[in-house]
1. What's the magnitude of the charge dipole for region B:1-113 around its Cα centre, counting Lys and Arg as +1 and Asp and Glu as -1 at the beta-carbon? Answer in Debye, nearest 20.
2. Can you classify region B:201-326 as rounded, prolate or oblate using the Cα gyration tensor, where a ≥ b ≥ c are the square roots of its eigenvalues, rounded means a/c under 1.5, and otherwise it's prolate if a/b beats b/c and oblate if not?
3. Please list, in order along region B:81-94, the HN-Hα scalar couplings obtained from phi with the Karplus expression 6.51 cos²θ - 1.76 cosθ + 1.60 (θ = phi - 60°), rounded to whole Hz, x for Gly and Pro.
4. Using helices alone, what [θ] at 222 nm do you get for chain B, with -39,500 (n - 2.57) per DSSP H run of 4 or more residues, divided over all residues and rounded to the nearest 500?
5. Would you pull out the residues with amide H under 5 Å of B:Gly282's amide H, same chain only if 5 or more places away, H placed 1.01 Å from N?
6. Calculate I(q)/I(0) for region A:122-165 by the Debye formula, one identical point scatterer on each C-alpha and no solvent, and give its log10 at q = 0.21, 0.28, 0.30 Å⁻¹ to two decimals.
7. Using the Cα centre as the reference, give the magnitude of the dipole from point charges on the C-beta atoms of region B:182-230 (Lys, Arg: +1; Asp, Glu: -1; all else neutral), rounded to the nearest 20 debye.
8. For a quick check, take a GNM of chain A with Cα springs below 10 Å and name the residue from A:Gly289, A:Gly247, A:Gly376 with the largest mean-square fluctuation.
There are 2 protein chains.
Amino acid sequence: MTNIEALKELLRIPSVSTIHQGIEECAEKVDQFLEEAGFSSQIIETEGHPVVFGEKKGKSDKTLMFYDHYDVQPPEPLEEWGSPPFEPEIRDNRLYARGVADNKGNFMARLAAVESFDELPVTIKFVVEGEEEIGSPHLEAFVNQNKDLLAADGLIWEAGYKDAAGRPTMLLGAKGLCYVELRATGANRDLHSASAVLVENPAWAIVQVLASLKDADETILLEGFYDDIKPPEKEELELVDQIPYDGKLVKEMLGIDKFLLDMSDKEAVSKILYGPSCNICGILSGYTGKGSKTVLPAHAVAKVDFRLVPDQNPAKIYELLQAHLKKHGFTDIETELMGPLWPARTSFKERFVTVVKESMDAVYDKETIVYPTMSGSGPMWLFTAVLGIPTVSIGTGDAESRAHSPNESINLTDYSEGIQVIKELITRF
Amino acid sequence: MTNIEALKELLRIPSVSTIHQGIEECAEKVDQFLEEAGFSSQIIETEGHPVVFGEKKGKSDKTLMFYDHYDVQPPEPLEEWGSPPFEPEIRDNRLYARGVADNKGNFMARLAAVESFDELPVTIKFVVEGEEEIGSPHLEAFVNQNKDLLAADGLIWEAGYKDAAGRPTMLLGAKGLCYVELRATGANRDLHSASAVLVENPAWAIVQVLASLKDADETILLEGFYDDIKPPEKEELELVDQIPYDGKLVKEMLGIDKFLLDMSDKEAVSKILYGPSCNICGILSGYTGKGSKTVLPAHAVAKVDFRLVPDQNPAKIYELLQAHLKKHGFTDIETELMGPLWPARTSFKERFVTVVKESMDAVYDKETIVYPTMSGSGPMWLFTAVLGIPTVSIGTGDAESRAHSPNESINLTDYSEGIQVIKELITRF
């Protein structure tokens, strides 16, 4: 079976983690492919979906690890697919299937690169989880329980995409996340709003709390919020000028006239890379149907997320929020911290970053664009902050790959080049 | 047919305006009863449910009018009724049926009082609408189109209730209402919250607008909001001490520790009678389900009501709100005014108020408690402000009457006394 045939076999398994579909089957297939490639592989149970872990010894005592996931996003809406999402199909040199870009294609390209060596110069490890698309709820426990197993000198993260101009990219981090639900309660039932002269309205309390979190120039007002931010390194700041960004196009796509505070493209890139944020994800109270209903609500709830940058700590930010509520007299607000994620960042100065970049340069014609972070959040911090492993995310996708959307695909030339990059990396590591 | 038998016949018609049930049948029955009592009666069509108007000439050229409505609240939940809501039943000297207290019983008691006169000393008019329980949406047009028909020297409003201590009550007004929906829009779709560093969140805009409306001591911050408030008259202020109010019991019932600003019972009564308010009836944006979803919402909406006191004008308050939004730079907020209601207030100094009070005193053992206003809002202003008729609300209900709830009822002794009061009033008017 060729590597592409094996990839198709993996893609045929509808391993949708949200609905717990095809999970065991897909974990077993990953385990089987690792074993067939000469890895010592095991399926490790967790409180959720199992993690597949494989290791293959090399000549030196250095270890290169790959983080991948065998689960995929739901394929809906099905009617928008040109071919069925779990029946991989090649058209115009592109392979179409759910999960081919995110992230089964990357896993198989990395495996192909490893298999091309008769004798591995370094030890290779694969950690392939099954809950990435649902927020990796059990990965933290898994990492903490398997620190020795997961020891490595460098980690390649799940995915990467060429940009619209065909330039390869590298990502060196992820933002942290402090997600908080705020709840306020008033009377023991919804009241006629004639009582508003007398009875406290929990919607006012929630509105006042939210309004106190940020001022008009977007400064986040939790005392100490900015204290732990590590200023970007000189090389990181220089990057802002190098990163291509078409703000006009982004604004057109989103249907907005301007960015927050009317910021320039350069400021936008700087914020995406180095800026924390405070966002209302949701708010609900009282009557929200059509027309009017004069009600004084009994409950109000808001969901707020803080995106964090190195070295902010979501647990500490949650404490600052609680102190803020206390200081401002919002003593009746109930709070709940949900799934905190730490920021992750691997320094430009790490030798591993240089080696990955050189491996990219050896394969691609175009210059690789290095992003110090992705704009989103994820479990990368478990490997950088908890295990201390330099981590870089690269992969075989491109600007047309449509991860999480219908007609997910990769270009097969990118796939071959991606295999080459990993070969170069194993050699140079 | 006795008056009570006729009342039962009216109560058997399930004239639920919300679902347009039994409306024509009930209007015809009211018209029939008026004709049988010697009134010249007509069913006047509107854009909604018809209004029944009856007139019977008296000796003098003075006119006393009654405002009633033949529609009722929905009876649900049915399982909580001791007897079916549209099968009137007498138990322990109480008559149970939907609408008996609000407001068919009052209509029939007034009719009984009129019928007891061989020759009427004054002209009597009845205006009986069919949309009171759905906010009287077509009454304004009806009043404006029938000003001559509706001319009168005094108006008895629909209902009144003895309080828990058995004291009769009179209400001399209603609060006004300016109900506004506020809408904000961001990008053309919900975004991943990683974009919060760049893209304006309409939930923030709505929160900031709401937070700007009121300060911590409950002062409403629209410039000019308090300008048109007519300070209570001396007699009105003295009332605050006379009105019985058990704040401790109210707080217990609502499950709250304290009133807004920890106000005393006396302050509470003062606010109920003379205080305007600004209330969030509803707010909605983004993800409001269980758990977390990191979303930057595309839309946010809030519903706000301002309860108004004489002589505030809801149309002007809406203009002040728009000026406030402009002044504070909330230029992207869309607003919609919904069904404005003007405040209504009849002065203590009106002779009509004195005559009604004397009629009450002639019948009841206990002193009548006079409230300058009800805490809620309604169409009374059409008669006070548009037609200029002194208006007092009294009726035959008591603290157990459960208007709008299952097991609505009246005490038959109260009903007889209510007839006597109207007889006294017609005589003294």
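1. That gives region B:1-113 a dipole magnitude of about 600 debye.
2. Because a/c hits 1.5 or more and a/b fails to exceed b/c, region B:201-326 counts as oblate.
3. 7, x, 9, x, x, 10, 10, x, 9, 9, 9, 6, 6, 10
4. The per-residue figure over chain B is -8500 deg cm²/dmol.
5. A:Tyr287, B:Lys303
6. Once normalised to I(0) and log-transformed, intensities are -0.86, -1.18, -1.24.
7. So the dipole magnitude of region B:182-230 works out to roughly 320 debye.
8. For chain A, modelled as a Gaussian network with Cα springs under 10 Å, the answer is A:Gly289.
Every number here is computed from the coordinates shown, using simple stated rules; none is lab data. A quick note: this is a predicted structure, and the numbers were derived from the prediction, not measured. FYI the Cβ positions are ideal-geometry reconstructions off the backbone, even for glycines, and counts take in every protein chain you see.
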